[in-house]
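Note sheet for the following structure.
The values are calculated or read from the model by the stated rules, or taken from the named source; none is laboratory data. For clarity, every value in this text was computed on a predicted model and none was experimentally measured. Reconstructed Cβ throughout: ideal geometry from the backbone, glycine too, with neighbour counts over all protein chains shown.
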Amino acid sequence: IFILSAFFSVLGFAASAQVTDEILDRRPQTTAPVSGDAVQAGNWIVGANVADIGMNFKSDFFTLNINPRAGYFVSDNAVIGAEAQLGLDIYDGGETFRYGATPFVRYYFPEGAAPTHRWFGEALVGIGGSSEEDSDGDAVFSSVLGLRAGYAHFVAQNVALEAILGYTRTSADISVGNGASGLNLAFGLQVYLPGRGSR
């Protein structure tokens, strides 16, 4: 009886361990060791950053800023692309639409690189405007200049979550990030598409 009891105990423990392993294998994927493949020459990057979204119920004020983008890896680690600056404010009595186009260059630093993440720097220059009429000396249409630093964490084969801290300077009535000029923090989702030579 003791031997049978021990046998069934061991058998039950093994089955429990196998079920536990199967459950752990079904956990959502949170990282992927593909950063080296993603930043190769000939690849593409497509995605968007969300810099500010919010609703103030007390003042009935809604704001949304999103920056869709696309770029091409001209060499390993180096991207040239363009980003659209889109923003919307809806408030009691009206709405304001912001727009802009900012070509950018981005470089992924080999220093500090890991299979699951990359640090990068970025510069952008372009133009922006707003449907809001000129006020307080602000220009309705103006140049947009910016410098950014960011972190890309790869969560799947071709997908990375990004956090970007940057400084943007403009005199237009637009919000690039959380302010027309100054520091801003943005979060984004980027898809890295292999080029013809990388497939």
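Restricting the search to the stretch 103-118, which residues are at pLDDT below 95, touching a Phe, Trp or Tyr at 6+ places or on another chain (Cβ under 6 Å) and in a strand (DSSP E or B)?
Residue satisfying the conditions is ARG118 alone.
Only one of these is farther than 22 Å from VAL159 by Cβ, assigned to a strand (DSSP E or B), at pLDDT below 85 and small (Gly, Ala, Ser): GLY137, GLY100, GLY87, GLY126. Name it.
One residue alone meets the criteria, GLY87.
Checking GLN29 against (1) loosely packed, with under 15 Cβ neighbours inside 10 Å; (2) modelled with pLDDT of 65 or more, only one condition comes out false. Which one?
The single condition GLN29 does not satisfy is (2).
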